[in-house]
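Heads up, the thing below is written out as structure tokens.
The values are calculated or read from the model by the stated rules, or taken from the named source; none is laboratory data. It should be emphasised that the depicted structure is a prediction, and the values quoted were computed from it without experimental measurement. Neighbour counts are summed over all protein chains in view; Cβ atoms, including those assigned to glycine, are modelled from backbone coordinates with ideal geometry.
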Amino acid sequence: MPSVAFHTLGCKLNFSETSTISRKFKESGYEIAPFDQSADIYVINTCSVTDHADRKTKKVVRDAKKLNPDSKVAIIGCYAQLKPDEIVQIPGVDMVLGAAEKFNLVEHLSALDVDQPCIVNSHIKDVKDFNASYSFGERTRTFLKVQDGCNYFCAFCTIPLARGRSRSDTIENIVKQANEIAAQGIKEIVLTGVNIGDFGQPNDETFIDLVKELDKVEGIERFRISSIEPNLLKDEIIEFVAQSEKFVPHFHIPLQSGSDTILKAMRRRYERKLYRNRIGKIKELMPDCCIGVDVIVGFPGETDELFLETYHFLNELPISYLHVFSYSERPNTTAIRIDDVVPKGKRTERRKQLQILSEKKKRAYYEQFVGETRQVLFEGKERDGFIHGHTDNYLEVKVESNKVDENELCDFHLSSLENDLVMSGEIAVLTHSK
């Protein structure tokens with residue numbers, strides 16, 4: 001039986017797609033092998049949000065060929081769509097598949113018999129089909145893809161060039177998949193996509209319609225919304241999540257900059273005022289809600305004064321944590337043509353400042369729940385004698401592994417905050433067994 005191993009770089013959406021592609025291989029008679037073991041075929045699902053992701057791809061190819069020099073290597077994903085001619089020059093690469101072709105990788109394998117590496121890559125404007133995907137392998141949580149592509153064309157972003165225009169699955173099909181996931185005993189679904197707030201195109205449906213239908217699915221204890229644009233996070237979505245027993249109080253809302261000047265240069269579709277109002281609405285209805293924020297530092301034209309606008313804006317907001325990125329020059333974006341470049345050293349310095357702020361925000365957020373009891377889903381396998389999980393509002397907790405099993409849902413008393421920003425405590429009530 002031929003074997004295939006998978007490695008995924010990048011976002012949760014990539015993980016859901018890798019899992020779906022791996023299931024197709026299994027159905028076709030392949031054995032799925034761990035990536036750190038010898039395999040006949042290695043599949044690397046790539047990201048290309050930053051230059052680091054591009055470099056990481058090259059390293060992973062080298063690692064695969066060390067494990068089995070006679071193996072074949074296929075590169076798929078965003079980097080493969082954007083730079084196929086560059087990837088095919090990497091020693092050891094045999095096939096490059098773009099956004100439309102990656103889901104048909106099994107069918108394309110016959111081309112691997114030739115001596116020369118091949119590229120199968122449609123023009124991104126021709127990529128219009130939606131390919132349903134969800135991750136599988138974790139017993140407790142799955143990432144369910146509901147939307148793909150983006151129509152926004154922010155100045156710094158290559159995602160529309162890598163994934164194409166916005167398109168979505170149908171609510172009917174997503175609900176069907178959610179029921180399939182529930183039948184496997186999985187208790188939490190994370191909704192993923194490139195721009196999930198834009199859900200519904202071209203099916204004349206909306207994201208709030210989807211949320212309301214998923215809320216009715218039996219067997220799933222939690223739904224979690226992944227990153228959603230602030231201008232698409234409507235009041236009706238916030239209001240529905242606030243009263244839902246299944247959609248948890250946790251939002252991840254990209255900001256990118258706290259300066260209106262930079263937001264305009266980035267071609268973002270909102271200003272600080274709208275963002276502040278969204279955070280205020282969430283905290284008004286869900287004071288315990290966890291709110292994560294994406295920020296980019298060092299965008300061209302970001303002076304020290306404009307960076308401080310971002311810093312102070314974030315410091316004032318009742319948010320829970322930050323994901324901080326240094327601006328990275330990407331070909332074929334409008335930002336690369338802006339002359340006022342911020343030195344890389346200054347980008348690094350600003351990123352570190354916001355990472356320190358993030359840790360302070362996260363610690364303050366966690367500390368307010370010490371002494372409370374909240375529901376926890378234990379999803380992690382044993383690590384150093386402990387099993388880890390998360391509360392509904394995304395506090396990470398741990399308890400001795402002999403106290404609870406993976407995939408158990410419990411009421412948990414949060415007794416103290418450890419130095420590594422993990423809550424410890426005791427099981428209060430075992431509400432659902434595995």
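Against the list (1) touching a helix residue (DSSP H, G or I) at 6+ places or on another chain (Cβ under 8 Å); (2) in a helix (DSSP H, G or I); (3) within 16 Å of residue 46 (Cβ to Cβ), the condition residue 96 fails is (2). Among the residues examined, residue 88 qualifies as surrounded by fewer than 19 Cβ atoms within 10 Å (Cβ to Cβ) and within 22 Å of residue 123 (Cα to Cα).
For the range 207-247, the tally of residues that are in a helix (DSSP H, G or I) and acidic (Asp, Glu) stands at 5. Can we say residue 251 is within 18 Å of the chain's Cα centre (by Cα), within 22 Å of residue 395 (Cα to Cα), in contact (Cβ under 8 Å) with a residue 24 or more places away in the chain and not assigned by TED's automatic domain parsing to the domain that holds residue 13? In short, yes.
Here the range 8-32 is the region considered, the condition is being buried (at least 19 other Cβ atoms within 10 Å of the Cβ) and hydrophobic (A, V, I, L, M, F, W, C), and the residue that is farthest from the chain's Cα centre (by Cα) is 25. Could you please let me know if residue 89 is in contact (Cβ under 8 Å) with a residue 60 or more places away in the chain and farther than 19 Å from residue 19 by Cβ? So residue 89 fails the test. Within the range 99-129, work out how many residues are closer than 30 Å to residue 181 by Cα, crowded, with 17+ Cβ neighbours inside 10 Å and modelled with pLDDT under 90. Qualifying residue count, the range 99-129: 4. Candidates are the residues of the range 394-412 that are in contact (Cβ under 8 Å) with a residue 40 or more places away in the chain and buried (at least 19 other Cβ atoms within 10 Å of the Cβ); the one that is nearest to residue 140 (Cα to Cα) is 407. Once the range 156-182 is narrowed to residues that are assigned to a helix (DSSP H, G or I), modelled with pLDDT of 95 or more and of a type in the set (Gly, Ala, Ser), the residue that is surrounded by the fewest Cβ atoms within 10 Å (Cβ to Cβ) is 182. Filtering the range 296-313 to residues that are at negative phi, surrounded by 21 or more Cβ atoms within 10 Å (Cβ to Cβ) and outside any helix (DSSP H, G or I) leaves 296, 297, 299, 302. Among the candidates 132, 74, the residue that is part of a loop (DSSP other than H, G, I, E, B) and either among the aliphatic types (A, V, I, L, M) or surrounded by 24 or more Cβ atoms within 10 Å (Cβ to Cβ) (or both) is uniquely 132.
Residues of the range 183-205 that are buried (at least 20 other Cβ atoms within 10 Å of the Cβ) and of a type outside the set (A, V, I, L, M, F, W, C): 187, 188, 192, 193, 195, 197, 198, 200. Scanning the range 191-232 for residues that are among the aliphatic types (A, V, I, L, M), in contact with a strand residue (DSSP E or B) (Cβ under 6 Å, 6 or more places away or on another chain) and more than 25 Å from residue 274 (Cβ to Cβ) yields 214, 220. Which one of the conditions (1) free of Cβ contacts under 8 Å to residues at least 12 places away in the same chain; (2) under 21 Å from the mean Cα position of the chain (by Cα) does residue 172 fail to meet, given that it meets all the rest? With respect to (1) free of Cβ contacts under 8 Å to residues at least 12 places away in the same chain; (2) under 21 Å from the mean Cα position of the chain (by Cα), residue 172 is out only on (2).
Note on the range 183-206: residues that are in contact with a Leu (Cβ under 7 Å, 6 or more places away or on another chain) and part of a helix (DSSP H, G or I) total 2. Residues in the range 370-424 that are touching a Ser or Thr at 6+ places or on another chain (Cβ under 6 Å), in a loop (DSSP other than H, G, I, E, B) and within 18 Å of residue 220 (Cα to Cα): 379, 407.
Every residue, every condition in (1) hydrophobic (A, V, I, L, M, F, W, C); (2) assigned to a strand (DSSP E or B); (3) in contact (Cβ under 8 Å) with a residue 24 or more places away in the chain, yes or no:
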position: 5; (1), (2), (3): yes, yes, yes
position: 13; (1), (2), (3): yes, no, yes
position: 20; (1), (2), (3): no, no, yes
position: 26; (1), (2), (3): no, no, no
position: 38; (1), (2), (3): no, no, yes
position: 42; (1), (2), (3): no, yes, yes
position: 45; (1), (2), (3): no, yes, yes
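In the range 135-155, the qualifying residues are those that are touching a Lys or Arg at 6+ places or on another chain (Cβ under 6 Å) and not in a loop (DSSP other than H, G, I, E, B), and the one that is nearest to residue 77 (Cα to Cα) is 148.
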